[in-house]
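The numbers here are math on the coordinates, done by the rules we state, and not lab data. As the structure is a prediction and not an experimental result, all values here were calculated from the model. Cβ placement follows ideal geometry from the backbone for every residue including glycine, while neighbour counts extend to all protein chains displayed.
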Amino acid sequence: MHPDLVQALAALTTGIYVLTVQEGERRHGMSSSWVTQVSGDPPLLAAAIDRRHFSHDLVERTRRFALNVVGTRARHLEDYFYSAASRRPDNLDAVAWEDSPDGLPLLRDAMATLQCRVTAGHPAGDHTLFVASIERVGWRGDDRPITSQDLEYVYVGEVVRRR
C-alpha cells in the first residue's frame, strides 16, 4: 500500500470495539474498528470482518454477535484483543465476561454492549460487511470511548504504526 494512502486511511477516525461471538461452548472475541451505524430507523450497524479471521465464520454461521464499546477505563480490552495472546479459538478466559440471556458473551468492562442479529452479509474485498439489527443494548456507565486516534497503531487492512 502506498505510504500516502496508509496515512490518509489512518486519519479516518474509527471507534475501538471488541466483537464477541458464541457457537455452542465456544466463545471468541476480536478487536474491531471497522464498525459504523448505517440506519436510524430501524437502528442498524455494519461491521466489516476479515474473511481469514476466526470470528468471521462464527458470525456467518450463527448470524449473531455482540459489540462491546471500549472506553478509556477499559483500554486493557483493546490491548489484549490486539495481542498475540488472543489469537486462539476460545480466548475470553483472560477477561471478565458474562453470557447475555441470548448466550452472547458480553465484556463486563465495556462501557456499552450491543447484541446484534445479522440481517445481511456483503462481500467487501478481503472482508465481509455484516449489516445487523440491534436487539438489546446495555449501558454500564459514563466513560469516553477510545478511537483509532488514541492508539499507537491503526488497522488499514494491515496493522501499521503511527509516525
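For R87, all conditions in the list (1) in contact with a Phe, Trp or Tyr (Cβ under 9 Å, 6 or more places away or on another chain); (2) surrounded by 15 or more Cβ atoms within 10 Å (Cβ to Cβ) hold save one; what is the number of the exception?
Status for R87: all satisfied but (2).
Checking A94 against (1) touching a helix residue (DSSP H, G or I) at 6+ places or on another chain (Cβ under 9 Å); (2) touching a residue at least 40 places away in the same chain (Cβ under 8 Å); (3) surrounded by fewer than 21 Cβ atoms within 10 Å (Cβ to Cβ), only one condition comes out false. Which one?
Failing condition for A94: (2).
Looking only at the stretch 1-35, count every residue that is surrounded by 13 or more Cβ atoms within 10 Å (Cβ to Cβ) and either among the β-branched types (V, I, T) or assigned to a helix (DSSP H, G or I) (or both) and tell me the total.
Going through the stretch 1-35 one residue at a time, the tally reaches 10.
Having 1 or more residues that are of a type in the set (F, W, Y) is the bar; report the strands (runs of 3 or more DSSP E) wholly within the stretch 92-137 that clear it.
Qualifying strands (runs of 3 or more DSSP E): 97-99.
Please verify whether the stretch 66-84 includes one or more residues that are among the polar types (S, T, N, Q), touching a Gly at 6+ places or on another chain (Cβ under 8 Å) and not in a strand (DSSP E or B).
no
Looking only at the stretch 121-136, which residues are loosely packed, with under 13 Cβ neighbours inside 10 Å and on the phi < 0 side of the Ramachandran plot?
Matches in the stretch 121-136: H122, P123, D126.
Pick from the stretch 115-163 the residues that are over 11 Å from A10 (Cα atoms) and of a type in the set (K, R): which of them is nearest to the chain's Cα centre (by Cα)?
R117
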